[in-house]
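All remarks here apply to the structure that follows.
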Amino acid sequence: MACIMQRICGPEDAVIWYDYSIYESPFNRAGSFVKGKFHEDAMSWAYKTGLIKGSGSHVFPGLGDILGPGTAGQIIDEDWTGTQWSEPYVRGDDAITREELTVMLQRLAEHRGDYSASDADYAKLDAMTDAGSVSSWARESMAWAVGKGLITGKPGNVIDPQGMATRAETSKMLMVYMKGAGFDPTQHEKVWVEGKIWTSTPYWTCDTIFGNGCGATSDVSRDAIQHSSWCGINKGETVFIAESYTDPHWVDLATAQNAARDTALNEMKNWGLLEGWYDYA
């Protein structure tokens, strides 16, 4: 789940993905619940951004296998740096309950800026036969998930908050959430969340450095530049054509064309942002 959330937020946050597991990881103990695991980088990112908060701290055996903010008389720093004895207790390899999953999705929506408390439908939640078993810390997120249609209940109008979230249930909730945020798996143009990525795109200029260029530009290719009639290149003279890149900006694949579209698609493929949803044209 941490890996999925990192892939969703990476391009939206305009984040250059460097190795959180090395530079900003709160998980520093070799052989811990996170260190050295495939999800180490994603878990470090998710913890740093507040999408996963864990349940207290874990103090490693030898110093007392307990939960608490400190050990051996030493208070652990809030940012968990500089210590090899304790780390956030995030249970990185554990299964996730349905109510834990809704909490993560609510935080994901808040992080992406598309969460609204008004979407929470407490009346619909309370209509579930087992609504009373929802943990107090998950009630708001469960009401939000029900209100958004992420959870519709199991047969018998059961919401099953402490039940384990299956991969199928998780993928369905993610798809419903993404579709509500603009993702439509039936449209090949909308290949990633809202079909956007933060990147720089190329364009070509008939350079004026040597005094012969006309300054005309093209975002297709150098051969597609529409030169002015007086331009030296139309007279058979040699004109230097320069390739440049725009400042980073959002590229929407639904409207992007030519080199901008190719650049965005290639970058998304390189980052794995197109993988896992569906076949794209």
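The values are calculated or read from the model by the stated rules, or taken from the named source; none is laboratory data. The structure presented is a predicted model; accordingly, all values stated were derived computationally and were not measured. We place every Cβ from the backbone using ideal geometry, glycine too, and count neighbours over all the protein chains shown. Side chains are part of the model used for accessible areas, which takes the heavy atoms of the whole protein and leaves out ligands, DNA and RNA. Shrake-Rupley method; radii C 1.70, N 1.55, O 1.52, S 1.80 Å.
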Worksheet item: For residue 3 and residue 228 in one chain, what is 0.36 nm times their gap in residues minus the Cα-Cα distance, to one decimal in nm?
Response: 75.9 nm
Discussion item. How much length would be gained if the chain were fully extended between residue 246 and residue 269, taking 0.36 nm per residue of separation minus their Cα-Cα distance, in nm to one decimal?
Written reply: 6.3 nm
Practice prompt. Starting from the residue with the highest accessible area, list 27, 38 in decreasing order, probe 1.4 Å.
Written response: 38, 27
Worksheet item: Among the lysines, which have Cα under 21 Å from the Cα of residue 35 when same-chain residues fewer than 8 positions away are ignored?
Response: 48, 53
Response to the item:
Between the modelled labels at residue 216 and residue 130 (7 Å from Cα along Cα→Cβ) the distance in nm is 6.9 nm
Worksheet item: Measuring with a 1.4 Å probe in the full set of protein chains, what accessible area per residue, in whole Å², belongs to segment 197-236?
Response: 57 Å²
Worksheet item: How much length is gained on full extension from residue 172 to residue 152, taking 0.36 nm per residue of separation minus their Cα-Cα distance?
Response: 6.1 nm
Worksheet item: Quick one: with all protein chains in place, what share of the accessible area of segment 129-168 is carbon or sulfur, to the nearest percent (1.4 Å probe)?
Response: 54 percent
